[in-house]
Amino acid sequence: MSTARATVKKNLFFSLMLLVVVCSCGRDETPIPVDMSVRTETTIRQNSGDITFAYLPQYSHRTSYQRQNPLVEYLKKETGLSIRQIYPETFDEHVTMFGQGKIDISFSNPFIYAKIAHLYGARALARTVERDGRKDFRGQIICRRDNQQIRSIEDCRGKRWIATDPASAGGYLFALGLFYDHGIKRGDFAQIDFAPGSGGKQEKVVLSVYAGKYDIGSIREGTLEVVSDRIDIREIRVLASTPWYPGWVYAVRRDFDPAVAQKVKEALIKLDRNNPEHKKILDSANISGVVLSDDREFDPIRKLAAKIGSDLNH
């Protein structure tokens, strides 16, 4: 009996609510139907007090985490700031998220830095020193060692090329600049494809060339070490290396608090390879150190972009 009464009360409640809604509409007003099956997701910045750090997704998210998380943890401890690593899916998404203010600290290749500096006023804090002690880095053009048709840069004309991403410095743009220097333009290849999917693009280039799906590939120097546990990298030949260009950049948004940016910069520069704890962090990030940087150091990237017709506006 009590269950029946509860059911009657519930039905009476909903009937009264429906009556209120109907009566609240004036004579000349039409009730607006609401389809509850249609929903729009609103993106809310999680933990709005956090400072977000994003590593350009040249490698898989797993590799990105393994390489950068020790550095992020170090920055948190050294600065006292709440910093968390986030993971854009693609190069384009990294740029977009930076423009939307969703990325506070960007760690990217120099071409992406030049783009976000041009579009959004990004400010360079510091740049990395490579494992061999160089402040610059370069790309490599690779092929299978047993490919007898490709012995020189000129032999790449008319071949199938897989590159990392249209915005990849070492994995595409540096190589394209080298081809231009040899009189080989985009239209001179049988095809140019880019590694599919999100993240892990450098690895995908090597694996595609190894599998014989493409004649040549372009990667940043150091990538072969990343895949050495998956394939016999002795089967891959480095056909050519590109010129050297300024290294990867730590940059912040134009409106990022200068005092906080200074804290981050000082912590980065403080990393010392002679300190055993710091050495672990640097080794995880696959670098030997961090040095101060400013925007003018990336003018060679802007000149390269102009030469090969890569627009920094898009």
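Each residue in region 170-188 was checked for being within 17 Å of A240 (Cα to Cα) and either part of a loop (DSSP other than H, G, I, E, B) or more than 24 Å from the chain's Cα centre (by Cα) (or both), and 7 pass.
If you go through region 230-267 and keep only what is over 30 Å from D155 (Cβ atoms) and either of a type in the set (D, E, K, R) or exposed (fewer than 14 other Cβ atoms within 10 Å of the Cβ) (or both), you end up with R253, R254, D255, D257, P258, A259, Q262, K263, K265, E266.
Counting only strands (runs of 3 or more DSSP E) wholly contained in region 196-260, the ones carrying 3 or more residues that are in contact with a Ser or Thr (Cβ under 8 Å, 6 or more places away or on another chain) and in contact (Cβ under 8 Å) with a residue 40 or more places away in the chain occupy 216-220, 249-252. For region 29-48, the condition of being of a type in the set (D, E) and at pLDDT 90 or above holds for none of the residues.
For region 70-84, the candidate set comprises residues that are over 18 Å from the mean Cα position of the chain (by Cα) and farther than 14 Å from K280 by Cβ; within that set, the residue that is surrounded by the most Cβ atoms within 10 Å (Cβ to Cβ) is L75.
For region 129-169, the candidate set comprises residues that are under 16 Å from the mean Cα position of the chain (by Cα) and more than 17 Å from L207 (Cα to Cα); within that set, the residue that is surrounded by the most Cβ atoms within 10 Å (Cβ to Cβ) is A169.
Sub-7 Å Cβ pairs linking a first residue in region 125-139 that is of a type in the set (A, V, I, L, M) to a second residue that is open to solvent by 50 Å² or more (accessible area, probe 1.4 Å) and in a strand (DSSP E or B), at least 6 apart or interchain, are A126/L292, ordered by first then second residue.
Looking only at residues of region 282-301 that are open to solvent by 20 Å² or more (accessible area, probe 1.4 Å) and under 19 Å from the mean Cα position of the chain (by Cα), we find that the one that is nearest to Q68 (Cα to Cα) is S284. Of all residues in region 297-314, those being in contact (Cβ under 8 Å) with a residue 60 or more places away in the chain, in a helix (DSSP H, G or I) and either closer than 17 Å to W248 by Cβ or aliphatic (A, V, I, L, M) (or both) number 7.
Can you find even one residue in region 128-141 that is of a type in the set (V, I, T) and within 12 Å of I216 (Cα to Cα)? So far as region 128-141 goes, yes, one or more of its residues are of a type in the set (V, I, T) and within 12 Å of I216 (Cα to Cα).
The values are calculated or read from the model by the stated rules, or taken from the named source; none is laboratory data. Since this is a predicted model, take the numbers as computed values, not measurements. Methodologically, a virtual Cβ is constructed for each residue, glycine included, from the backbone with ideal geometry; neighbour enumeration extends over all protein chains shown. Keep in mind that these areas ignore ligands, DNA and RNA; they rest on the heavy atoms of the full protein, side chains included. Shrake-Rupley method; radii C 1.70, N 1.55, O 1.52, S 1.80 Å.
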